[in-house]
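This report refers to the structure that appears directly beneath it.
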Amino acid sequence: MSSTANILSGRQVSKDIQNELQEEVKLLKEKHSDFDPVLAIVQVGAREDSNVYIRMKKKVASEVGVSTRHLQLPRTSTESEILSEVQKLNEDSKVHGIIVQLPLDTDTPVDAKLITNAVSPSKDVDGICDANAGRLSHGELEGYFIACTPMGCMELIKRTGVTIKGSKAVVIGRSKIVGLPMSLLLLWHHATVVICHSRTKDLRAEVKDADIIVAAVGQPQMVKKDWVKPGAVVIDCGINSIKDETRASGSRLVGDVDYEGVKEVASWITPVPGGVGPMTVIMLIKNTLDAAKMALKA
């Protein structure tokens, strides 16, 4: 084993997948002249971080050959008004995928869970509505949509060549959009899974025994070198801003893993940024294309 980890570049892997999807769309459009996959993005308000994420999604979609429809609603929108717009998209046969950009930037109280659950499961390309989450919990991995970040992480893990079946995987974090679905995905790929969180006793000992580590806890550089078994695969879903006076901005982005230390013992590690982030976006576009292909067969 080399003295430093192989860098698992989400940028490179996502680009490879993007090229594959691009070719697939091209062939489908040649075969079906009216084939036009459409992703609808519902945004309430105008948070700048949301604007950045939406621009990124629209750019990748365009490069693949997926059309986007950006529905930007004012901050004054009420819950019923947002629900009404989502329902219109559900009923529009030309729209194949729908995502609700979170957080919702509203003046009035709005139940975000109610909004995301209003998206039809057949168009929920984010894979976060209760129906799709429930199917994942039952091991139904085909014909439905899986949350994009865990799906991207699984693709990265597979590309390391590590044997998932029978391996011990530790997932740090139990959120509904990353930690929990990630744990289920690993479980259905026959890993022995331990889910850790803020109340786990002796977290270091649990992590130290893992062949695969997925950190999704939102604590900057929490996973240290001495937490990691030599040769482990480390997937870092964290994105945290910390002070850095050497940077013009006065800050820099880091993950939940102490990258510089852990890369000395891991076999593979994802960087932050440039690791999991690009994978999340390309999996969203892949899900949209899959939704359009399902509609084509219907």
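Restricting to the chain, what percent of DSSP beta bridges are antiparallel, rounded to 5?
10
Sort 262-273, 11-22 by packing, meaning the average of other beta carbons within 10 Å per residue, with the highest value first. Present the calculation step by step, with values, prior to reporting the outcome.
On the way: 262-273: 21.6, 11-22: 16.7.
Ranking, from highest mean packing down: 262-273, 11-22.
Have a look at 178, 162, 19 and report the one farthest towards the positive end of the charge dipole of the chain, computed about the Cα centre with Cβ charges (Lys/Arg +1, Asp/Glu -1).
The residue sitting most towards the positive pole is 162.
With an 8 Å cut-off on Cα pairs and a minimum separation of 6 or more residues, tell me the relative contact order of the stretch 170-298 in percent.
20
If you add up the charges near residue 178, with Lys and Arg at +1 and Asp and Glu at -1, over every other residue whose beta carbon is less than 15 angstrom from its beta carbon, what do you get?
Its environment carries a net charge of -2.
Each residue of the stretch 9-16 in turn: what ³J(HN,Hα) in whole Hz from Karplus with 6.51, -1.76, 1.60 and θ = phi - 60°, glycine and Pro shown as x?
The phi angles translate into 7, x, 4, 5, 5, 5, 5, 4 Hz.
Mind ordering 147-157, 99-109 by average Cβ neighbours within 10 Å, highest first?
On the way: 147-157: 25.2, 99-109: 17.4.
The peptides rank, most packed first, as 147-157, 99-109.
So what is the 222 nm mean residue ellipticity for the chain from helices alone, if each DSSP H run of at least 4 adds -39500 (n - 2.57) and you divide by all residues, rounding to the nearest 500 deg cm²/dmol?
-13000 deg cm²/dmol
Residue by residue through the stretch 30-42, what is 3J(HN,Hα) from phi via Karplus (6.51 cos²θ - 1.76 cosθ + 1.60, θ = phi - 60°)? Round to whole Hz and write x for glycine and proline.
Computed from phi, the couplings for the stretch 30-42 are 5, 7, 10, 4, 9, 6, 8, x, 10, 10, 9, 10, 9 Hz.
Dipole of the chain, Cα-centred, from +1 at each Lys and Arg C-beta and -1 at each Asp and Glu C-beta, to the nearest 20 debye?
The dipole of the chain has a size of about 480 debye.
List the residues, sorted by chain then number, that are 5 or more residues from residue 40 or on another chain and whose placed amide H is less than 5 Å from its amide H.
69, 96, 97, 98, 99
Where the accessible area of the chain is counted over protein heavy atoms with a 1.4 Å probe, how much of it, in %, is carbon and sulfur?
On the way: 7460 of 14360 Å².
Ligands and nucleic acids excluded, carbon and sulfur reach 52 percent.
How much net charge surrounds residue 259 when only other residues with a Cβ under 12 Å from its Cβ are counted (Lys, Arg +1; Asp, Glu -1)?
Spelling it out: positives minus negatives among the neighbours equals -1.
What does the C-alpha gyration tensor say about the overall shape of the stretch 162-201? Classify as rounded when a/c is under 1.5, otherwise prolate if a/b is larger than b/c, or oblate.
oblate
Work through the residues other than residue 164 whose Cβ is under 15 Å from its Cβ and net out their charges, Lys, Arg +1 and Asp, Glu -1.
+2
With only Lys, Arg, Asp and Glu charged, each at its Cβ (+1 for the first two, -1 for the last two), find how big the charge dipole of the stretch 36-193 is about the Cα centre; round to the nearest 20 debye.
660
Positive end of the dipole of the chain, charges at C-beta (+1 Lys, Arg; -1 Asp, Glu), about the Cα centre: which of 189, 266, 45 has its Cα farthest in that direction?
Result: 266, furthest along the dipole toward the positive end.
Take the Cβ-Cβ distance between residue 165 and residue 208 as r, set R0 to 22 Å, and report the resulting FRET efficiency rounded to the nearest 0.05.
For residue 165 and residue 208, the calculated efficiency is 0.55.
Starting from the Cα-Cα distance between residue 247 and residue 93, subtract it from 0.36 nm times their residue separation and give me the gain in nm to one decimal. Please report the intermediate quantities before stating the final value.
Values: separation 154, 0.36 × 154 = 55.44 nm, distance 4.83 nm.
Full extension from residue 247 to residue 93 adds 50.6 nm.
Pull out a ≥ b ≥ c, the square roots of the eigenvalues of the alpha-carbon gyration tensor of the stretch 9-68, then state rounded if a/c is under 1.5, prolate if not and a/b is larger than b/c, and oblate in the remaining case.
Numbers: a/c = 4.47, a/b = 1.43, b/c = 3.13.
The shape class here is oblate.
Using the beta-carbon distance between residue 26 and residue 142 and R0 = 22 Å, what value does 1/(1 + (r/R0)^6) give for FRET efficiency, to the nearest 0.05?
0.35
Between residue 225 and residue 239, what length comes free when the chain is fully extended (0.36 nm per residue of separation minus the Cα-Cα distance, one decimal in nm)?
Answer, rounded to one decimal: 3.2 nm.
Residues in the stretch 257-298, backbone N under 19 Å from the label point at residue 36 (7 Å along the Cα-to-beta-carbon vector): list them, ranges by number please.
Hits in the stretch 257-298 for residue 36 at 19 Å: 288-298.
For the stretch 46-179, what value does the Rg/Rh ratio take when both radii are computed over Cα atoms and Rh is the Kirkwood radius, given to two decimals?
Taking Rh as the inverse mean 1/r over Cα pairs, Rg/Rh reads 0.99.
The values are calculated or read from the model by the stated rules, or taken from the named source; none is laboratory data. This is a predicted model, so every value here is computed, not measured. Here Cβ is always computed from backbone atoms with ideal geometry, including for glycine, and neighbour counts include all displayed protein chains. Heads up: the accessible areas ignore ligands, DNA and RNA and are worked out on the full protein's heavy atoms, side chains in. Shrake-Rupley method; radii C 1.70, N 1.55, O 1.52, S 1.80 Å.
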